[in-house]
Every structure is written in C-alpha cells, then in structure tokens.
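Trainee: What follows is a structure written as structure tokens; I'll ask about it next.
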Amino acid sequence: MLETEALIIGGGATGTGVMRDLALRGIHCILIDRRDLNAGASGGNHGLLHSGARYAVGDPDTAAECRREGDILKAVAPECIDACGGLFVAVEGDDPEYAERFAEHCRSAGIECASIAPAEARKLEPCLSERVFAAYKVPDATVDPFRITLENVNHAQQLTQSVFLAHTELERFIVDGGAIRKAICRDARTGETTTIHARQVVNAAGAWAMRVARLAGCSGVELLYSKGTLIISNGRIGRRVINRLRRPGDGDILVPGGTVSLLGTTSETVQNLEDIHPTVAEVDRLVAEGVAMAPQIAHTRFIRAFSGVRPLLMAAGADADGRKASRGFSLFDHESDGLANFATVAGGKLTTFRLMAEKTGDLVARRLGNREPCRTASTPLPSADAIRWTEPGFAPRYWAARRQPVDLVLCECEMVPASAIDSIVENAPGADSQMSLNAIAVRSRVGKGTCQGAFCSLRLTSHLYDRQVYDSPAGLRHTRDFVAQRFKGVRPVAWGEHLPQLELAEALHCGLLGLDHLAEDT
Amino acid sequence: METASQTAIRTIDFKAAARELLPPGASYDACLSCGLCSAGCPASGLEGMDPRRFIRMAMLDMNEELSATAWIWTCTQCQRCKYICPMSIDVSVLVGLARGAWPSEKKPKGIVRSCEAQLRFPGTSAMGLQEQDFVEAVEEGVTAVRGQGDRFARLEAPIDKQGAYFFVNQNSREPATEPEEMGPLWKIFDYVGADWTYSSKGWAAENFCMFTGDDEAWRRMVEQRVDAVNRLGCKVWLNTECGHSFYTVWKGVERFGLKADFEAGSLVSYYARWIREGRLPVNADWNTRGIKFTVQDPCQLVRKSLGDTMADDLRFVARTLVGEANFIDMAPSRSANYCCGGGGGFLQAGMKELRWAYGKRKFDQIATTQADYVLTPCHNCHSQIEDLGQHFQGHYRVVHLWTLICLSLGILGADERKYLGPDLARLGL
C-alpha cells in the first residue's frame, strides 16, 4: 500500500499543476494516470497561450482570465513559451461588424489590441491572403504543453519526493465515513493491483473527470465532450499565431509550433471517449477553411493529424454546442455529496491551468490544515537535462553546438541524439523499466518529423535493446504500438507528396519487420 | 576598409531557396528522410554532416549552422544523392548556393585563385597560362611529334582555324606541365582525319568558377568559351577527356540562356563512334598478359549530363581496348558510380585529410576489382585516383584513354608513357 497526503488523478496540465502547487506548499503527492502525461487534451491541442482575444467577444471573463494567466506563465516558465505574438485577420466574406467590435471587446478585457492595415499584416506574415480586409495585433503566444507538465512533475518530485505513476488506472474507491479511504488502482501493463491511501483525493482527469467522480458516487460533474482535430504541417508557415477574425469556427487558428505549424480546430460533440481519432472529412474541412487565411495551405504538406477532447462544463439547461459552452472551469468540493476529502477540478483551458491548480491547491491545503500560500504565480519552473527534449528545434541546436560524432543521431528528422534518449529513460518523470517508445515520444521530438516514426522507431528500438533497456520481445511490441499510434495520425492526411512516405513506412514496418504479425505476450 | 558584410558568411533561408530552386515534387518538403542519399554519399560523416541532415537542418530552419558548415566544400556536387533519391531531391543546388554566400576570403583559396586566374586572360586557363604560352606549347609539341617518324611528319594541331568541324578544348595541365600528353590526342585526330582546331581564346578545359558558387563568374566563363566557338564557326565543341569542363558549358548554356551555334560533344563518344565506324581500328591484341582494367565514370560527364549512354560508350571503348575478359567493372557503376572526391574543386581546396576520407570509398571500390589500371577520362578523377592510390598504398596505375588507344594502334611514343607501368613501358616500341 502506498501512502500520501494527496492523490491526484490525471497527468495533464491541470493534474501536474495541482501536484506542483501542493508540493510548493510542502505537501507530498502521488499523481496517477491511466496512460501517461499529456495523454488527453493536454497533449491534443494547439499549444496556444491565449492572449484572451479569441474569447473577448463571447466570453469576456475567460478572456480576462487568459490574459492574466498568460502573463504569469510568460514570467515563470519562459523556456516553455514562444512569445511570437498573434494576428486576428478578417477575410472577404467575414462579418465586418464583428471585426469592428473586436478591438472594443479586447480593450474591455484589458487585452492589447492594435489595428493594422492589411498590407502591413501581409508584410508581417507573407502567407496571408490578399483577401484580408481587417487585421489586429494581439499578444498571443505559444506554450509547449509537454514541457510544462514535465517541469511541473519534475519540480514536485524535487520539492517533496512526490511520485508520478504512469499507466496506473483507478479501478474503484473505498469510501467510508464520509471520506475516500483507499483508491484501488491497476497497472495497465502488468495487471497488478496497487492500493493508495491518501488523506485528500483530487480528480483532475480532464475528459474522464465525470467518470472518476461517479466512481466516488458523485453525480454533479456534468461534462460535454467536444472533439477537436488539428493538422500539423511539415514546416512552419507563419511567424505568429494567426486567428480568423470571426465567431470561432473550424480551421480558424494557425499556430506555430517551433519548426512546424498547427492548423485547427474542428468541434464536434461526442458521447464516447474511446477510439477518438482524426478523420479525412475533418482534415478536408480544416484545409478548406485554412486556405481563406493562408492560401498556401492548399499546397502545404501536412504530416499528421491528431484529435483531443475538450472537457467542457455543462451548465444546467445549456444546449449541447461545444463552441458556445463556457471555457471557464469549476472546482467541486463534493461536500454536498457527503465527501470531505474529494475535489474535482474540471473545464478550463491550457492557458488557465495554473489558476485551476491554485484554486484546487487552496482547497486541498486548507483541508490538510496547511497554511502555506500558493507560490506558483511567482516561483519559476526549474528545468532539467531530461525534460528539455520536447522543444522543437532544441535537439538539433544542441547537437550542432556539441559536435560529438559518437553521439549518434537516432531520429534524423528532428535530430534527436542517443544522449537525449539515454537521459529520458534514466531521469525523465515517468521513466520506468522497459519504457515504451510512446512514452519516450511524449518526452521528446522522436517520431514527430517528416518520417513520422518510419525510421526512428527502428533505430530507437535497436538502441534500447543495445542499452538493455529492452530485453524481451516486449520491446518490439512497443515499436509496433508506437508506429500504430503515428499511423493513426498520418492516415487522414495521406495525400500527394505524403503517399510515398506511407508506402515506405509500410514496407519497413510490415514488409521487413512483420510488426503487423507480432506474437502477443502470453 | 573591410566591412563586416564582406567577411561574414551570408545566411541563406535554405527552405525558401529550395522551394524556389527545386521542382515542386522534389523540394525539401518532399523528403522522406529515408537516408538513401546519405548511404550513397562519400561525404557522409565528414564535418558531422550528410545530405539528409542538410535537408533536415534546412527544414528545421537551422540556416545559420547550414550557412557556416564547411561540409559544403567537401560535397563535390556529384548529384549521387539526387540520382538515388526516390523523390529526386537535388542537394547540390543548395550546396552551390551556400558556397556562393561565403565571402571570397573564407572560401578555400585554391578554388578562388583558380577561378581568378581563369578570368584574368582570354584563354580562360585556371593555371594562368596566357595565349602565347599555349600556342608555344602546342607548336613545340607538334614539332616533337613530327620528329617521331614519317608516320606523323605532317601532323597538325591547328589553332584558330575558321570553320573547322571540331572546336577542341584542352586541360591546362598538359600545356603547362606535361605537354607530351597532348601527342596521343593529336595522333588520334590525325588517324581518323578529323577536321579540328584549338582556339587561342577560351581554349582551357576547366572551370573552377562554378565551384566557387559564384554564378556570375561561371556565366562569364561560359560566355567567353561559347563566344570563342561561335566566332570560329565550329559545328561541335569537343570536350577532351575531362568532366566538369563539359558539364559547366553544357549546363551553363541552358542555365544562362546563351546562344550556342554548336553542339556539345564529349571525346569519349567520338572515340566510340570512330571505333564503330572502323576509323579507329583498335583491339586488345596487345594485351597478351591479361592486364586488368577498370573504368571510372566521371560524375560530370555521366550522371550529371549525358547519362548511361555515355557510360555505355565508355565501356564499349574500354572493352574494345583491353579485351572483354580483362575489363572488370566497379560496383556500383555507370550513373550509380561514386564520385572519386576529385571534383567540386576538392583537389584544389587544400583539405587533404577530408579528401582522402571521402576518396576511401573509391579506393575500396577499385581495390575490390583488383585491376592493374584505372581508366579515367577526366583530369580531376585522374589526379585524385592516383593520389588515393599513393595515400592508401594501392597497386594500380591511372591512365587516360588516349594512351591506350595509341598503344593499341602501335603509335604510342616512348615519352608518351608517363602513366604506364613497367609492364607496358616498352610494348610496341
């Protein structure tokens, strides 16, 4: 049985944010996730650090919240953020009145917003369409959601020896006398059962928060699942975040992600959280809409699509439209459910995760009798060797500066050297024995380049066998799971220049290695 | 006073340049990262680089690192990468662009000086030979050949002969340092009764300006040569046994949109034609001891310009000269053959250790054939392969085709055997 002061369920931005918030108050935590860090919406998003402008017209409270939180994150985690700035552009056919009201709404939410001439906008961003008729500059930025969760966990581990357990799924709670006494968990890999005894339990399970709450017998957490799909280009398209100046819709945000760009998103209400994957129809819709802002998108090579599920809070009686639902968050103390040591934090956005963690941390600390204040708004997030590898372009620069010929580049597309992989399997949060390729990919750029795992999967596997990280056929199954995961994202964008890439990957993975016919573990 | 901009390497936006300079389906965006280019590139690993890495670094916007890497001077622009690439991506184009972005004083001095020398006098010689030097060397050479006996008493090597069918160029190495090597070539022309001429202008068969990455200098060089041929009214500009001098003109005419009133031809295809027509009745009867030969495919002549047709002609000539059983091909061969590392200005660039490291693959290829001689219809290949043999202690010698042709015809003079070994030093005299 494991003991802790606070058990946190869900390894996304919020859960890891709560973990660090509590650790900064001196509280020991165990964080569990049924899969891994960033496995849900925290890994399936634009990486957009909203200035708030996008919500200025429809949701001024969220807009102001985004602005304040964005400023805090820029100060405490600058290494996770590219303060690239943003543009809002209206193209012919968009509502000119909406465009006119935009600046006023930004001002009332306290968001800097400067109108610029369309010609000036095109000078700043040559990819913009000739049909742009209005443009505004806003302080949008991008954030690396993987690095920020890794830094959260790493910091909490340092502060209070807190623990993160990957592939650990909550099976049930043992509730007794108005409190959760035990959490019975199962290791998704080995099937072994672990019992965790915690004084406080925090449900930060994102889209799965409703299920976790129900396991505790609480029915008040009502979520709307809104699936969003995004596509990733082979190279970076614009310098800044480029937003369509209209009521939020499909394909209206183009966000740079270091060396690539992400175009999104779609919004579709779904009932089921399993088997969420991008479709060809969604990709077509994104491209068709994106072309209006940046015509080159019609000819851009997209290398992958991915989907996430936004866990949106459903207010009583609200209609089930994902675009109109609030981006705000709620903290449930579950006292009306008769539980004194359970809290659920749900809804919200990546940009506001710190605030969500602060409010949750305040509640949990108070219940634990801890009087330390929240320090996350002013304490910088420390980095470490093993958690630097998610930043696009970092590994190539590191490699180029070091020039160590013996440090083999394993992933050629993103130029990830063997030393990076070694540091991840040894020291990254969640590093454990027989670490999967998918887990390494969450902590690096491996498999994120042009080849989408076609080659790096094989080189990485070989390296891990050489280093005896893998010592059984399970290693090959990790390879298979990794390429299958990449393929899920590649399939809906397979078109034109990308088709030869897929043929080659198939020849390597199925033809050469027979990964499609591996024996299952018995 | 020198300004910073003169001494700094200009940073290129490689991704944008690739999009502009390469065809849409073969731009860097189309790269599969498969690494076939790198596996087949003798420069892979030098300076920590290879062709795939070049493309990936461009895609990752590492423009400063790419602009500054000295690897661009070890890449010979041989286009083996483009040849093998499933998407036909050409790395050499951007290597050329990157070379051009280096300030002259940072570029390898040997290449820069060779180009400057070419621009200095109308003969366009990289060795700085002036018109009268060339004319004198030819005249003295002709006198020497005529002195070899009655057979060549009336041999001629015309200069500036208006309306001759062939305009023949000449690598500066012969008139400057080994004029006796011109004799066999003239004897062959004499033997087949070719109507040919040298020119006092634009005669030199080398063009290092292309290798400096300075397109403007390349263009000027080609213009001078095209003018010289047009002015003499020749039908065919006949490139002697040399690789890049052919490519620079053949490609340059198209690239710079020049008006050329002639056809570009390689001497090797004419050897083949004359043999097929019976005008050059060579055979391998002389090779009674079964001396083994292999042949190097000059990248500039085969892969980069005339393709496997050229490689086939080359093999036809070689097989006829040495005997089917005595010809051992390299693997891979023809358009897939590896660059020896003498091209791209590498021989003139100073970087010896790197050049040897590059050439090791060629040396191993040759060693595997166990050939006694390597036939090289290209001067840079000739020098590099000979140097590799010395450096890696190989057991082969390197010869031009003209030497063997004259040997087979029984007309090779005693002092025209510099590159033959003791086994052939006296044969047929």
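The values are calculated or read from the model by the stated rules, or taken from the named source; none is laboratory data. From a predicted model like this one, the values you see are computed outputs, not experimental measurements. Cβ: placed from backbone, ideal geometry, glycine included. Neighbour counts: every protein chain shown. We work out accessible area using only protein heavy atoms, side chains counted, and drop any ligands, DNA or RNA first. Shrake-Rupley method; radii C 1.70, N 1.55, O 1.52, S 1.80 Å.
Trainee: Report in % the part of the accessible area of chain B that belongs to carbon and sulfur, leaving out ligands and nucleic acids; probe 1.4 Å.
Mentor: Details: 7710 of 15770 Å².
That share works out to 49 percent.
Trainee: Of B:15/B:109; B:15/B:360; B:251/B:360; B:235/B:259, which ones are farther than 21 Å apart at the Cα? Mind showing how you got there, number by number?
Mentor: Working: B:15/B:109 29 Å; B:15/B:360 32 Å; B:251/B:360 29 Å; B:235/B:259 14 Å.
Violating the 21 Å Cα-Cα cut-off are B:15/B:109; B:15/B:360; B:251/B:360.
Trainee: Tell me whether the range A:53-131 comes out rounded, prolate or oblate; compute the Cα gyration tensor, take square roots of the eigenvalues as a ≥ b ≥ c, and use a/c under 1.5 as the rounded threshold.
Mentor: Details: a/c = 2.71, a/b = 1.32, b/c = 2.05.
Oblate shape, in that a/c is at least 1.5 and b/c is the bigger or equal ratio.
Trainee: Out of B:262, B:293, B:392, any idea which swings most in a Gaussian network model of chain B, alpha carbons joined below 10 Å?
Mentor: B:392
Trainee: Treating only the Cβ of Lys, Arg, Asp and Glu as charged (+1, +1, -1, -1), what charge dipole size does the protein assembly as shown show about its Cα centre? Round to the nearest 20 debye. Intermediate results must be reported in sequence, preceding the final value.
Mentor: On the way: 106 positive and 116 negative charges, 80 e Å.
The dipole of the protein assembly as shown has a size of about 380 debye.
Trainee: Which one of B:318, B:272, B:153 has the biggest mean-square fluctuation once chain B is modelled by GNM with Cα springs under 10 Å?
Mentor: Residue with maximal mean-square fluctuation among B:318, B:272, B:153: B:153.
Trainee: Something else now. Farthest toward the dipole's positive end in the range A:370-486, which of A:376, A:455, A:433, given Cβ charges of +1 (Lys, Arg) and -1 (Asp, Glu) about the Cα centre?
Mentor: Value: A:376.
Trainee: If pairing requires two Cys Cβ atoms under 4.7 Å apart, which cysteines of chain B are left without a partner?
Mentor: Among the cysteines of chain B, those whose Cβ sits 4.7 Å or more from every other are B:31, B:34, B:41, B:75, B:85, B:234, B:242, B:340, B:406.
Trainee: Calculate the dipole size of the range A:396-522 relative to its Cα centre from +1 charges on Lys and Arg beta carbons and -1 charges on Asp and Glu beta carbons; express the result in debye to the nearest 20. It would help to have the intermediate numbers written out before the result.
Mentor: Numbers: 13 positive and 15 negative charges, 95 e Å.
Approximately 460 debye in magnitude.
Trainee: So what are the ³J(HN,Hα) numbers for the range A:193-205, from phi and the Karplus equation (6.51, -1.76, 1.60; θ = phi - 60°), rounded to whole Hz, Gly and Pro as x?
Mentor: Per residue, the Karplus-derived 3J(HN,Hα) values read 9, 10, 10, 10, 9, 10, 6, 10, 10, 10, 9, 10, 7 Hz.
Trainee: May I pose another question? Under a GNM of chain B (C-alpha, springs under 10 Å), which listed residue has the highest mean-square fluctuation: B:222, B:374, B:253?
Mentor: B:253
Trainee: To continue, here is another question. Can you give the relative contact order of chain B as a percent, counting alpha carbon pairs under 8 Å and 6+ residues apart?
Mentor: On the way: 798 pairs, mean separation 65.1, N = 429.
The normalised contact order for chain B reaches 15 percent.
Trainee: Could I ask something else about it? Against the 2.2 N^0.38 Å scaling, with N counting residues, where does the protein assembly as shown land? I'd like the Cα-based Rg ratio to two decimal places. Don't skip to the answer; put the middle values down first.
Mentor: On the way: Rg = 35.3 Å, N = 951, 2.2 N^0.38 = 29.8 Å.
Cα Rg divided by the expected 2.2 N^0.38 Å: 1.18.
Trainee: Based on the alpha-carbon set only, what is the convex hull volume of the range A:264-418 divided per residue, in Å³?
Mentor: Working: hull volume 34.5 nm³, N = 155.
It is 223 Å³ per residue.
Trainee: Do any trypsin sites (Lys or Arg not before Pro) in the range B:243-314 lie in a loop, going by DSSP, with at most 16 other beta-carbon atoms within 10 Å of their beta carbon, and if so which?
Mentor: Details: sites: B:251, B:255, B:259, B:273, B:276, B:279, B:289, B:292, B:303, B:304; in loops: B:259, B:279, B:289, B:292.
Hits after loop and neighbour filter: B:259, B:279, B:289.
Trainee: Between chains B and A, what is the buried accessible area summed over both chains (1.4 Å probe, protein heavy atoms, nearest 100 Å²)? Kindly include the intermediate steps, with their values, before the conclusion.
Mentor: Numbers: alone 16760 and 21060 Å², together 35880 Å².
The B and A chains share an interface burying roughly 1900 Å².
Trainee: Which distance in Å, rounded to a whole number, links the C-alpha centroids of the range B:33-47 and the range A:106-140?
Mentor: 44
Trainee: So which GluC sites (Glu not before Pro) in the range A:257-286 are both in a DSSP loop and have at most 14 other Cβ atoms within 10 Å of their Cβ?
Mentor: Working: sites: A:268, A:274, A:282; in loops: A:274.
Loop-located and lightly packed - A:274.
Trainee: Which translational diffusion coefficient, to the nearest whole µm²/s, is obtained for the range B:276-429 from the Stokes-Einstein equation, given a Kirkwood hydrodynamic radius over C-alpha pairs, 37 °C and 0.692 mPa s?
Mentor: Values: Rh = 15.8 Å.
Translational diffusion coefficient: 208 µm²/s.
Trainee: For q values of 0.16, 0.22 Å⁻¹, compute log₁₀ I(q)/I(0) with the Debye formula on a Cα-only model of the range A:1-102, without solvent.
Mentor: -0.89, -1.24
Trainee: Then there's this: Translational diffusion coefficient, Stokes-Einstein: compute it for the range B:319-401 using the Kirkwood radius over C-alpha pairs as Rh, at 25 °C and 0.890 mPa s, and state it as an integer in µm² s⁻¹. List each step's numbers first, then the result.
Mentor: Details: Rh = 13.0 Å.
My calculation gives 188 µm²/s for D.
Trainee: If you keep only loop residues by DSSP, which trypsin sites (Lys or Arg not before Pro) in the range B:1-78 have at most 16 other Cβ atoms within 10 Å of their Cβ? Before the final figure, lay out each step's value.
Mentor: On the way: sites: B:10, B:15, B:19, B:52, B:53, B:56; in loops: B:10.
Taking the range B:1-78 and a limit of 16 other Cβ atoms within 10 Å, the loop trypsin sites (Lys or Arg not before Pro) found are B:10.
Trainee: Here's something else I'd like to know. Using the crude model of +1 on Lys and Arg Cβ and -1 on Asp and Glu Cβ, and no other charge, please compute the dipole size for the range A:123-230 relative to its Cα centre, in debye to 20.
Mentor: On the way: 13 positive and 11 negative charges, 39 e Å.
The dipole of the range A:123-230 has a size of about 180 debye.
Trainee: What does the C-alpha gyration tensor say about the overall shape of the range A:359-447? Classify as rounded when a/c is under 1.5, otherwise prolate if a/b is larger than b/c, or oblate. Intermediate values should be presented prior to the final figure.
Mentor: Numbers: a/c = 3.35, a/b = 2.28, b/c = 1.47.
Here the range A:359-447 falls in the prolate category.
Trainee: Right, here's the next one. What order, most packed first, do the peptides A:132-142, A:489-499, A:208-218 have when packing is the mean number of other Cβ atoms within 10 Å of each residue?
Mentor: On the way: A:132-142: 22.7, A:489-499: 18.2, A:208-218: 19.7.
Sorting A:132-142, A:489-499, A:208-218 by mean packing, highest first, produces A:132-142, A:208-218, A:489-499.
Trainee: For the range A:134-173, with every protein chain kept in place, what is the accessible area per residue (1.4 Å probe, Å²)? Numbers along the way, then the final one.
Mentor: Details: 1220 Å² over 40 residues.
Normalised by residue count, the accessible surface of the range A:134-173 is 31 Å².
Trainee: So what does residue B:270 come to for accessible area, using a 1.4 Å probe and Å² rounded to 10?
Mentor: 10
Trainee: Something else now. How tilted is helix B:182-192 with respect to the longest principal axis of chain B? Cα atoms for both, answer in degrees (0 to 90, nearest 10).
Mentor: Helix B:182-192 and the main axis of chain B meet at about 60 degrees.
Trainee: Next question, about the same structure. Quick check: at a probe of 1.4 Å, how many percent of the accessible area of chain A sits on carbon and sulfur atoms? Could you put the intermediate results ahead of the total?
Mentor: Working: 10140 of 20110 Å².
Result for chain A: 50 percent of the exposed heavy-atom area is carbon or sulfur.
Trainee: P(r) for the range B:116-224: what percent of alpha-carbon pairs falls in each 10 Å bin, starting at zero?
Mentor: Histogram of Cα-Cα distances, whole percents per bin: 15, 44, 29, 10, 2.
Trainee: Compute the accessible area per residue over the range B:335-429, keeping the other protein chains in place, probe 1.4 Å, unit Å².
Mentor: 35
Trainee: Any idea what the relative contact order of the range A:4-49 is, in percent, if you count C-alpha pairs under 8 Å spaced at least 6 apart?
Mentor: Numbers: 56 pairs, mean separation 20.6, N = 46.
RCO, the range A:4-49: 45 percent.
Trainee: As a test of the formula, what do you get for chain A when each DSSP H run with n ≥ 4 contributes -39,500 (n - 2.57) and the sum is divided by the residue count, at 222 nm and rounded to the nearest 500 deg cm²/dmol? Display every interim value, and only then the final one.
Mentor: Details: 14 runs with 164 residues, N = 522.
The helix contribution divided over chain A gives -9500 deg cm²/dmol.
Trainee: So what is the relative contact order for the range A:201-263, in percent, with contacts set as C-alpha pairs under 8 Å and at least six apart?
Mentor: Values: 67 pairs, mean separation 17.0, N = 63.
About 27 percent, as a whole number.
Trainee: Still on this structure: What accessible area per residue comes out for the range A:226-314, rounded to a whole number of Å², with a 1.4 Å probe?
Mentor: Counting only protein heavy atoms, the per-residue value for the range A:226-314 is 32 Å².
Trainee: Put +1 on the Cβ of every Lys and Arg and -1 on every Asp and Glu Cβ in the range B:94-243; which of B:194, B:132, B:222 then has its Cα farthest towards the positive end of the dipole?
Mentor: My answer, from the dipole projection, is B:222.
Trainee: Now for a different question. Number of Lys pairs in chain A with C-alpha atoms less than 15 angstrom apart, excluding same-chain neighbours closer than eight positions? Walk me through the intermediate numbers first.
Mentor: On the way: A:123/A:137; A:227/A:324; A:227/A:349; A:324/A:349; A:349/A:359; A:448/A:488.
Counting lysine pairs in chain A gives 6.
Trainee: Here's another thing I want to ask about it. Run the lone-cysteine check on chain A: no other Cys C-beta under 4.7 Å from the residue's C-beta.
Mentor: A:29, A:66, A:80, A:84, A:127, A:185, A:218, A:374, A:413, A:451, A:510
Trainee: Another question, if that's okay. Mind checking the full-extension length gain between residue A:279 and residue A:518? Use 0.36 nm per residue of separation minus the Cα-Cα distance, one decimal, nm. Kindly include the intermediate steps, with their values, before the conclusion.
Mentor: Numbers: separation 239, 0.36 × 239 = 86.04 nm, distance 2.70 nm.
Net length gain for the segment: 83.3 nm.
Trainee: Which of B:86, B:280, B:43 sits closest to the plus end of the dipole of chain B, meaning its Cα is farthest towards the positive end, when Lys and Arg get +1 and Asp and Glu get -1 on the C-beta?
Mentor: Working it through, the farthest residue towards the positive pole turns out to be B:86.
Trainee: In terms of the Cα gyration tensor, with a ≥ b ≥ c the square roots of its eigenvalues, is chain A rounded because a/c is under 1.5, prolate because a/b exceeds b/c, or oblate? Intermediate results must be reported in sequence, preceding the final value.
Mentor: Details: a/c = 1.60, a/b = 1.08, b/c = 1.49.
Oblate, because a/c is 1.5 or more while a/b does not exceed b/c.
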